[in-house]
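Novice: Dropping a structure here in structure tokens format, bear with me for questions.
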Amino acid sequence: MITTALYYLDTTGIPTSISHLYEHLIISGFHTYLEKRGMSPYLFGYLHGETFDECIYLDLGCYSPDVAELLDEYLHETHHFEHEQIQNQFKVLEAEDMAHIAYNSSAIQTTLSKLDLEKWVHNDDIHIDEHDIYQNIDTDFIRSEDSDSFQDIVVALYSKELNEHEQKVFLRLYVIIIDMLEYWLRRRYSGYKRGASSINFDSTIMGVIASFTISNTFQCEEINKELNKFLANFDVNMNFGQIDTHFKVFASTPTFNNIAVEYYKNTGIHTSTNEIARLADNETIKSLFDKVRINVRPHDSQDNDIIF
Ligand SMILES: [Zn+2]
């Protein structure tokens, strides 16, 4: 079964922009925390955050229950964010908001440290208690719309050469690969993921597209080259343990059962989560990584019809 956890942080009195930055820092900090413990920061499942005016929610879904324990441990630690980490996350925020953000670094450090004293509450234990919330601090966080400095790009992940077994495994493997690409685009290009399409199969090409916002100082050709290199260098043998866990949990989580209907609707392929997991052995995954290609291009308005 997939393990889930939901956390809540009361941020009353903190400017929403700083809370949003904090949400990003906590998530990227957790990725590093996993890496230091020998776990892949993109194969564990997902950790999504959403920031509102007075709170942040963190939503975890993971294939190994150990990750949920690690998140709990990590959230209860004191976090110190280096200037460089803050800068990197500002770049992602800029792509997310398509805006330029000017900020006073030391004022932000102070607010972040104060925010870090607040306790994350596991969703099962939510109660609103009395605590010291300091007043809204002016942090010199100035945001100016600047959509001309950003571009939306589309990353297509596809293959023309899959055999029948590989096609079935690709129905789930693409989720893992899109997570990898999202992680990598965020780290390397401060890219922000907007959404992805369903998987599609037109009898020759099987594939999926995802859209991202990035600074327009980067060229699609360059990103294309880098992403293909990243995929080609991915070591399946080394990561097979986590991929295997992903597929086993996928097959044993009842809420995934009816995904077979989606698969049939979008691709015409009849299968089940159990069959997919059974076929997803090391050899097949390796062969899929060899056969899958990436193409990066500018986003066009028709893409909006299929990306959600
Ligand atoms: Zn965000």
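Novice: With a 10 Å Cβ neighbour count serving as the proxy for reagent exposure, in which order, fewest first, do 172, 187, 194 appear?
Specialist: 187, 194, 172
Novice: Report, in degrees rounded to the nearest 10, the 0 to 90 angle that the Cα long axis of helix 16-36 makes with the longest principal axis of the chain.
Specialist: 50
Novice: Follow-up. Give me the angle, in degrees from 0 to 90, between the Cα long axis of helix 83-97 and the longest principal axis of the Cα atoms of the chain, rounded to the nearest 10.
Specialist: The answer is roughly 70 degrees.
Novice: Take the alpha carbon atoms of the stretch 211-269, find their center, do the same for the stretch 29-91, and report the distance between the two centers in whole angstrom.
Specialist: What the calculation gives is 20 Å, centre to centre.
Novice: Once you mark the GluC sites (Glu not before Pro) that are in a DSSP loop and have at most 16 other Cβ atoms within 10 Å, what is the longest gap between them in the chain?
Specialist: It runs 162-308.
Novice: Separate question: In nm, to one decimal, how far is the residue 281 label point from the residue 252 one, both placed 7 Å along Cα→Cβ?
Specialist: 2.0
Novice: Using Cα pairs closer than 8 Å and at least 6 residues apart in sequence, work out the relative contact order for the stretch 185-290, in percent.
Specialist: Worked out over the stretch 185-290, it gives 24 percent.
Novice: Tally Lys and Arg at +1 and Asp and Glu at -1 over the other residues with C-beta under 14 Å from the C-beta of residue 95: what net charge comes out?
Specialist: -1
Novice: In addition: For residue 220 and residue 291, what does the FRET efficiency come to when R0 = 35 Å and r is the distance between their Cβ atoms, rounded to the nearest 0.05?
Specialist: 0.95
Novice: Over the chain, with a Gaussian network built from C-alpha contacts below 10 Å, which listed residue (124, 116, 281) shows the highest mean-square fluctuation?
Specialist: 124
Novice: Another question, then. Over all alpha-carbon pairs of the chain, lay out the pair-distance distribution in 10 Å bins, whole %, shortest bin first.
Specialist: Here the calculated profile for the chain is 5, 25, 32, 25, 11, 2, 0.
Novice: Oh, and also: Can you compute the FRET efficiency between residue 244 and residue 76 using 1/(1 + (r/R0)^6), with r the Cβ-Cβ distance and R0 = 35 Å? Round to the nearest 0.05.
Specialist: Between residue 244 and residue 76 the formula returns 0.70.
Novice: Helix 105-115: angle to the longest alpha-carbon principal axis of the chain, degrees 0 to 90, nearest 10?
Specialist: 80
Novice: Can I ask one more? For residue 4 paired with residue 149, estimate the spin-label separation in nm (one decimal), with each label point 7 Å from Cα along the Cα-to-Cβ line.
Specialist: Reported label-point gap for residue 4 and residue 149 is 3.8 nm.
Novice: Still on this structure, please answer the following. Would you mind ranking 48, 79 by Cβ crowding within 10 Å, fewest neighbours first?
Specialist: Sorted ascending by nearby Cβ count, the order is 48, 79.
Novice: Before anything else, pin down the relative contact order of the chain: Cα pairs under 8 Å, at least 6 apart, normalised by residue count, whole percent. Mind dumping the intermediate values first?
Specialist: Values: 470 pairs, mean separation 67.2, N = 308.
The normalised contact order for the chain reaches 22 percent.
Novice: In which sequence would 231, 21 go, from the one with the fewest C-beta neighbours within 10 Å to the one with the most?
Specialist: The most exposed by this proxy come first: 231, 21.
Novice: Grab the DSSP H runs of the chain that are 4 residues or longer, score each as -39,500 (n - 2.57), total them, divide by all residues and round the 222 nm result to the nearest 500 deg cm²/dmol.
Specialist: Per the formula, -15000 deg cm²/dmol.
Novice: Additional query: Modelled label-to-label distance, residue 37 and residue 52, 7 Å Cα→beta-carbon offset: nm?
Specialist: Modelled inter-label distance: 2.9 nm.
Novice: Let me know the charge dipole size of the chain about its Cα centre in debye, to the nearest 20, where only the beta-carbon of Lys, Arg (+1) and Asp, Glu (-1) is charged. Intermediate results must be reported in sequence, preceding the final value.
Specialist: Values: 23 positive and 49 negative charges, 285 e Å.
That gives a dipole near 1360 debye.
Novice: Here's another thing I want to ask about it. In whole percent, what relative contact order does the stretch 3-145 give with Cα contacts below 8 Å and a gap of six or more residues?
Specialist: So the answer I get is 36 percent.
Novice: Let me ask something else. Would you work out which of 92, 141, 254 lies farthest towards the positive end of the dipole of the chain? Charges go on Cβ: Lys and Arg +1, Asp and Glu -1.
Specialist: Sorting the options by dipole projection puts first 254.
Bear in mind that the values in this text are calculations on the coordinates, not laboratory data. All values derive from a computational prediction rather than experimental measurement. Cβ: placed from backbone, ideal geometry, glycine included. Neighbour counts: every protein chain shown.
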